[in-house]
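Just below is one structure, and these are the notes that go with it.
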Amino acid sequence: MGRALAAAALAAGHPTVVWNRTPDKAEALVAQGAMLAPTAADAVGGASVTIACVLNYGAVRASLAGLADPPEGTLVNLSSGHAGEARALASWAAQRGINYLDGAILTPAPTIGTGAATILYSGPQTLFHRSRPLLETFGGTSIYLGEDIGVASAYEMALLDLFAMSVGGLAHAFALAIAEGIEPAAFARLAKGIGALLPDLADRFADQLAAGRFPADVSSIASAGSAVAHVSDAAAARGIDTTPLRAIQRIIGRAAAAGYGGDSYARLAQFLAGTDHPGVSAESAAPEPSQSALRGAGPR
Ligand SMILES: NC(=O)c1ccc[n+]([C@@H]2O[C@H](COP(=O)([O-])OP(=O)(O)OC[C@H]3O[C@@H](n4cnc5c(N)ncnc54)[C@H](OP(=O)(O)O)[C@@H]3O)[C@@H](O)[C@H]2O)c1
């Protein structure tokens, strides 16, 4: 990703200094006109804007550990991590007199410099505006989310949650399909229909969470529990690992035990967040529900 960002800056005519722990990886960028700095501190020194994009927040700190004097420019960290890490890095930067803006890249490296890139930013608005001429070279959509330094990372993690669970679900579903002898291409054609339900579901979740009302006009937590139990049985019969399904059953069982079986699935988000019911949380010590308890979980 660092190479894609630097290439976009170079292509837009920005004088660009690059640094990477393994310098060989910068060869193509140097051939395109980048200057290779011997240390990260050297790269940051004279820059008006520094883009950090490494493995994680720890790697950002490790890279900048040798920084002697606070740089005049702005540090924009586009490495992934959670909101708490962004806030901790902001404190670390403030103690060293570093101007710090956080960001999160939502799209893959090949989108950088094209209209398909989407990058979120949060932190001091003045730093966002000051860095904008460079940030715009990354293309696509830049969204500034406000002064709270942790917000870009918070969005990134929630969206990655959706992506990780969806892709995990896709892998599990294909496993079950092929174990049942279904041809992958035939399965994919119908699987796309399930994926197409998600945009409307996202809006329904948002509306219900905003209203604080969860009518099960399409389906309820209890009926979802019943469906998951069927799938879990089918996967077990084929010797496929049912761990992800049992995790979902467990959450549904806890929500049903708290009296939400007759509510829509959106209630589960509020239940998991622990904002629904004082004293009841998804992490409470309720026993793992049996399959039959889930099947029988009815309306409140
Ligand atoms: N790739 C994508 O499509 C994509 C999309 C969205 C967000 N992101 C985020 O962008 C960031 C970079 O992703 P990537 O795909 O470029 O990852 P990557 O290919 O695995 O590269 C990791 C980079 O971090 C450096 N690094 C790791 N540990 C380090 C340390 N302790 N000190 C200094 N440098 C260290 C590596 O240096 P070496 O080369 O020396 O190992 C390398 O430059 C990640 O936070 C990722 O989540 C990536």
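Taking the alpha carbon gyration tensor of the chain, multiplying each eigenvalue by 5 and rooting it gives semi-axes of 45, 23, 17 Å, largest first.
Taking the chain as a Gaussian network of alpha-carbon nodes connected by springs under 10 Å, the highest mean-square fluctuation of the residues Thr126, Thr22, Thr141 belongs to Thr22. Note on the chain: GNM, Cα springs under 10 Å; of Gly253, Gly150, Gly274, the largest mean-square fluctuation is that of Gly274. Take the chain, connect every pair of alpha-carbon atoms lying under 10 Å apart with a spring to form a Gaussian network, then pick out the residue of His129, His172, His82 with the largest mean-square fluctuation. Its mean-square fluctuation being the largest, the pick is His129.
Any read-out appearing in this document is the output of simple, stated calculations on the displayed coordinates, not a laboratory observation. In this text the structure is predicted, and so the values were computed from the model without any measurement.
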